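Trainee: Can you read through this structure? Questions will come right after.
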Number of protein chains: 2
Amino acid sequence: MTAPQLPAGHPLVTDDATRSTARSALITALRGGTPDRRPVWFMRQAGRSLPEYRQLREGISMLDSCLQPELASEITLQPVRRHDVDAGIFFSDIVIPLRLAEVGVDIVPGVGPVLDAPVRTAADVAALPELTEESLEPIREAVRLTVAELGSTPLIGFAGAPFTLAAYMVEGKPSRDHLGPRTMMHAEPDTWNALASWAARASGHFLRAQIEAGASAGQLFDSWAGSLSLGDYLTHVQPHSAAAFAQVADLAGPDGVPLIHFGTGTSEILPAMRDAGASAVGVDYRLPLDEAHRRLTATPGADGRGAVPLQGNIDPALLEAGWDVLEAHVRGVIEAGSVAPGHVLNLGHGVPPHTDPTVLTRVVELIHSVAP
Amino acid sequence: MTAPQLPAGHPLVTDDATRSTARSALITALRGGTPDRRPVWFMRQAGRSLPEYRQLREGISMLDSCLQPELASEITLQPVRRHDVDAGIFFSDIVIPLRLAEVGVDIVPGVGPVLDAPVRTAADVAALPELTEESLEPIREAVRLTVAELGSTPLIGFAGAPFTLAAYMVEGKPSRDHLGPRTMMHAEPDTWNALASWAARASGHFLRAQIEAGASAGQLFDSWAGSLSLGDYLTHVQPHSAAAFAQVADLAGPDGVPLIHFGTGTSEILPAMRDAGASAVGVDYRLPLDEAHRRLTATPGADGRGAVPLQGNIDPALLEAGWDVLEAHVRGVIEAGSVAPGHVLNLGHGVPPHTDPTVLTRVVELIHSVAP
């Protein structure tokens, strides 16, 4: 594999030791090395659990806040300052690429993303505008501001995976069973493939903009992938997730930007998620990490890769279960994850909105207190 | 195992050949025999997909309709008449035992079950009223009316499993992640066990009333069990599901009432669901039945049972995918299920509300056309 073509001054390649993220705990663990401390960050660490976030967001809609570079940057930085986590996760939303492409969408409080019109026919898909380079400038600017502040702490780029993005587009809103997209992939496979290809281009483009602007890693969130059988995932989804990853593959590789792939309820599809082109796999709270490692090892991909670094998987339900219970659980997760060739501590799903943030800070302190 | 003590005149033991359900396709398949046709029914077959149901329900709330014996019976019978399915499923709701115990609860349209007050503390649990024999009379009456009409077609009794019922009680409403009950089982295990024990008594009592009144099988619905890790299921849930089943164990056994255990997203816990005391396991649409069979066989319970009859698992998303796609899928499910010691065709989740009922009728015809 050739060295990745990261832009000049990118945090992963700069010679400035005070700024480089290459030796950070996160990047070291994601490359399978031994970090100087156990890296930890939390999905949804930037957001509703922080009073400073709720204050900053007052009077500003969710999607608007993602597109104001200073605001998105500040929100991204808040949990890094507060918790001493080992990475920032770029503050954004899965449907931001839709908004940037001028597809009508908004986040309705208490509901989630709602589209002006669902995307259900071949004509609907053909009419979708492509995401332009120019539209991504607020994203790049927010990333530049953020990495300048973060210094040697890496920023993780954020993008929704094609299935999850397309699921919102077909349903027009959140749903429990994702019947619309799951019907479409069987009933109208050409329409589905056109839509999922659009979503893969949008996701990959969105992620690439963040990495080029200075993100040191990337994570593809396939929130709803657990609603699929392995067969449906392999046939109708994995190729599109692979297409999204392929758009940043030249920036990845052993010396480049690590790519994490996460979904919930994915115990049946973890090897398939790895094989979409991920350097590391995020595991939800339901499957112990040693069992995830065993399955990945037992099912190598066509490229021969079996075990990969894992991310996860503290149960968010235990954040409110009292410290003794939580500490024992976190220590159990550390032990189970130690069998993997690299382990980034995280939750096995996002931070619940009502979480006491002081508990998260204490979890970080605990994790950092356990020698790597 | 001793012969079950079914009440005199129960459809499974009556000598009247025109009324007995013992030789029905459903009971035969659930006992591991070869039925004269492949049995099929659909979860939520009684309900919103049928125009005759929507007409009957006009002006009557969901829970009220469950408690008017003539109405509940008629709703239960509608899909049997229309589709020629091999069983009725008793029309009810998971929270009916709460209503019967005079716990304040209602079904809010578009939301689901909402309790007047969530059940979150030891005092809340201690204050729960027990379900009485008398309160169950409308249920018994509806079952008696139904089995009299069904004749040799068996009625399946319905009950929510303790975890799913308790999850509604702790959250006070439907939730996606069930954080409340999942926190409680770790933070306050005594409170959790008291609550889940209450729910197990209510579920078991509710199911027993239906069987005593003439239901020929029973199904425990653990809709949310897939939100649990195997470890949490085994420690905090399985004992309570076993307690619910234990309340009807004397009516079950090889010559008695078969007991089916169903949940969604349960690929990791299928053997544990069997071992709670089920005769058969329902599998959701995500796991192929031959793989479910392989896992059950590979992981026998303490009683030595490995493979058991399976129920499932047509993907509800394919009901709208066009007949050719659906027919191929149904034939695939039949083939995969043929490895099990018995197979009852069903969906891998409930009938979606907007399903065209003529498609369901055609699926039944297809299944009955394939020789067993």
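Trainee: Would you be able to tell me the number of residues in segment A:143-160 that are under 15 Å from A:SER92 (Cα atoms) and assigned to a helix (DSSP H, G or I)?
Mentor: Going through segment A:143-160, the residues under 15 Å from A:SER92 (Cα atoms) turn out to be A:143-146, A:155-160.
Applying the additional criterion that residues be assigned to a helix (DSSP H, G or I) yields A:143-146.
Adding up the residues that qualify gives 4.
Trainee: Could you list all residues from segment A:174-193 that are closer than 25 Å to A:GLY312 by Cα, open to solvent by 40 Å² or more (accessible area, probe 1.4 Å) and either in contact with a Gly (Cβ under 8 Å, 6 or more places away or on another chain) or touching a residue at least 24 places away in the same chain (Cβ under 8 Å) (or both)?
Mentor: Hit for segment A:174-193 is A:ASP177, nothing else.
Trainee: Still on this structure, I have one more. A:ARG19: part of a loop (DSSP other than H, G, I, E, B) and crowded, with 22+ Cβ neighbours inside 10 Å, yes or no?
Mentor: Values: part of a loop (DSSP other than H, G, I, E, B): yes; crowded, with 22+ Cβ neighbours inside 10 Å: no.
When the stated conditions are applied, A:ARG19 does not pass them.
Trainee: Filter segment B:121-139 down to residues that are loosely packed, with under 12 Cβ neighbours inside 10 Å and not in a loop (DSSP other than H, G, I, E, B) and give me whichever is nearest to the chain's Cα centre (by Cα).
Mentor: B:GLU134
Trainee: Name every residue in segment A:214-237 that is surrounded by fewer than 24 Cβ atoms within 10 Å (Cβ to Cβ) and in a helix (DSSP H, G or I), in order of residue number.
Mentor: Answer for segment A:214-237, where residues must be surrounded by fewer than 24 Cβ atoms within 10 Å (Cβ to Cβ) and in a helix (DSSP H, G or I): A:GLY226, A:LEU230, A:GLY231, A:ASP232, A:LEU234, A:THR235, A:HIS236.
Trainee: What number of residues in segment A:194-213 are open to solvent by 10 Å² or more (accessible area, probe 1.4 Å) and either within 14 Å of A:LEU251 (Cα to Cα) or without any contact (Cβ under 8 Å) to a residue 24 or more places away in the chain (or both)? Don't jump to the end; show me each part of the working.
Mentor: First, pick out the residues of segment A:194-213 that are open to solvent by 10 Å² or more (accessible area, probe 1.4 Å): A:194, A:197, A:201, A:205, A:208, A:212-213.
Still in the running and either within 14 Å of A:LEU251 (Cα to Cα) or without any contact (Cβ under 8 Å) to a residue 24 or more places away in the chain (or both): A:205, A:208, A:212-213.
Qualifying residue count, segment A:194-213: 4.
Trainee: Taking the condition of being β-branched (Val, Ile, Thr), at the interface with chain B (Cβ under 8 Å from one of its Cβ atoms) and farther than 30 Å from A:GLY110 by Cβ, how many residues in segment A:170-193 meet it?
Mentor: Here is the first cut: in segment A:170-193, the ones β-branched (Val, Ile, Thr) are A:170, A:183, A:191.
So of that shortlist, the ones also at the interface with chain B (Cβ under 8 Å from one of its Cβ atoms) come out as A:183.
Applying the additional criterion that residues be farther than 30 Å from A:GLY110 by Cβ yields none.
Counting residues in segment A:170-193 that are β-branched (Val, Ile, Thr), at the interface with chain B (Cβ under 8 Å from one of its Cβ atoms) and farther than 30 Å from A:GLY110 by Cβ gives 0.
Trainee: Might you let me know whether segment A:324-335 holds any residue that is touching a residue at least 60 places away in the same chain (Cβ under 8 Å) and either buried (at least 16 other Cβ atoms within 10 Å of the Cβ) or more than 23 Å from the chain's Cα centre (by Cα) (or both)? Show your work before the answer.
Mentor: Taking segment A:324-335 as the starting set, the residues that turn out to be touching a residue at least 60 places away in the same chain (Cβ under 8 Å) are A:334.
Then keep just the ones that are either buried (at least 16 other Cβ atoms within 10 Å of the Cβ) or more than 23 Å from the chain's Cα centre (by Cα) (or both); that gives A:334.
Yes, some residue in segment A:324-335 is touching a residue at least 60 places away in the same chain (Cβ under 8 Å) and either buried (at least 16 other Cβ atoms within 10 Å of the Cβ) or more than 23 Å from the chain's Cα centre (by Cα) (or both).
The values are calculated or read from the model by the stated rules, or taken from the named source; none is laboratory data. Bear in mind the structure is a predicted one, so any value in this text is a computation, not a measurement. Counting neighbours? That spans all protein chains shown, and the Cβs are built from the backbone with ideal geometry, glycine included. Heavy atoms of the whole protein, side chains included, go into the accessibility calculation; ligands, DNA and RNA do not. Shrake-Rupley method; radii C 1.70, N 1.55, O 1.52, S 1.80 Å.
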